[in-house]
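Notes follow the structure.
The values are calculated or read from the model by the stated rules, or taken from the named source; none is laboratory data. It should be emphasised that the depicted structure is a prediction, and the values quoted were computed from it without experimental measurement. Here the Cβ positions follow ideal geometry from the backbone for every residue, glycine too, while neighbour counts run over all protein chains shown.
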Amino acid sequence: MFIIKLDFLNSPPQMYFLGQRINKTLIGGFLFIIYIIIMMCVSTFYILDYSINDRYDIRFSLHKNFTANKEELNKIEEFNPHLNFSIDMRKLSNNLSDLNLSNQFLILDSNWSIIERNKIITRTPKDMSMIIVYVCLLNCSFEENNDTDLAYILNISYSGYKIDHQNGYIPLERNNDKYTFYKEFYFTSRTASYFEINWGAIKYKEERGLFGLFDNLFKRKHEYMSIDIDDIKELNTVEL
C-alpha cells in the first residue's frame with residue numbers, strides 16, 4: 001500500500017528478511033502522516049503569529065551607575081551626541097502671569113560667550129554649562145527684584161526621540177528635531193543657585209538569535225539609543 005511506503009519512522013533491521021531493508025508497516029505510515037500534519041500546523045501557526053501579531057517582545061531593565069567615570073562616558077558619541085538646543089527665560093508674577101524677562105538678564109556659556117534666547121545652537125550635553133547674570137551699567141536698582149515677581153523660569157528645549165513599539169522596523173527613533181523635549185528651572189533674584197543636570201540614556205537592543213553570530217563576526221550593531229534629561233538637582237543655594 002502507498003501508506004506503508006510512507007513509513008519513514010521505523011529503523012532498518014539488523015538482519016534483512018526476505019530482501020526487505022526496512023520493516024515498513026501500516027501504523028508507521030499513519031504515524032508519519034500525522035507527524036507531517038502536526039509540523040505543518042505548527043509552522044503555519046508561527047508564520048501567522050509573526051505576520052499578524054506584534055514583532056517585539058519588550059523586556060525592560062533600569063541601570064543606575066553611580067561609579068561611572070563621566071569623562072570617559074563623554075568621549076562616547078552615543079552618550080554625548082550633538083543636539084539642537086534653544087533657551088528662553090521668563091518671569092512668573094504673584095498673580096501667575098507669565099511675562100518676558102528683561103534683556104538685562106544674560107545667559108553665558110563656559111567660554112563667557114552670550115547665548116541668545118530662542119536661537120537654536122548645536123552642542124553636546126557636556127558643553128551646555130551656563131550661567132545667568134544680571135547686567136546693569138548706570139541704573140542698578142534691579143527693578144525686577146520686587147515683590148511682584150514670584151520666580152524666574154529658564155526653559156531649555158532640545159531634540160527628543162519617539163518610542164513606537166508598533167513600528168515594524170525599529171522601536172526607537174533617535175533624537176530628532178521633529179520631537180521637541182523641554183525642561184524648566186525655577187530660580188529667584190534673591191538667591192544664587194547651582195543646578196546639576198543628569199542625562200539618562202535609553203537603549204533598545206535587538207536579540208537576533210542565530211543571526212547575532214554573523215553580526216558579531218561583521219561587527220554590526222542592532223541597537224537603538226537616545227538620551228534625555230533624567231533629573232535636575234539643586235546642589236547649592238546662597239542668599240543674596
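Against the test of being assigned by TED's automatic domain parsing to the domain that holds Lys178, modelled with pLDDT of 70 or more and under 25 Å from the mean Cα position of the chain (by Cα), the options Leu96, Leu83, Leu101 yield a single qualifying residue, Leu83. Mind checking which residues of segment 85-130 are part of a strand (DSSP E or B), surrounded by 13 or more Cβ atoms within 10 Å (Cβ to Cβ) and in contact with a Leu (Cβ under 9 Å, 6 or more places away or on another chain)? Across segment 85-130, the qualifying residues are Ile87, Asp88, Met89, Arg90, Lys91, Leu92, Ser93, Ile107, Arg123, Met130.
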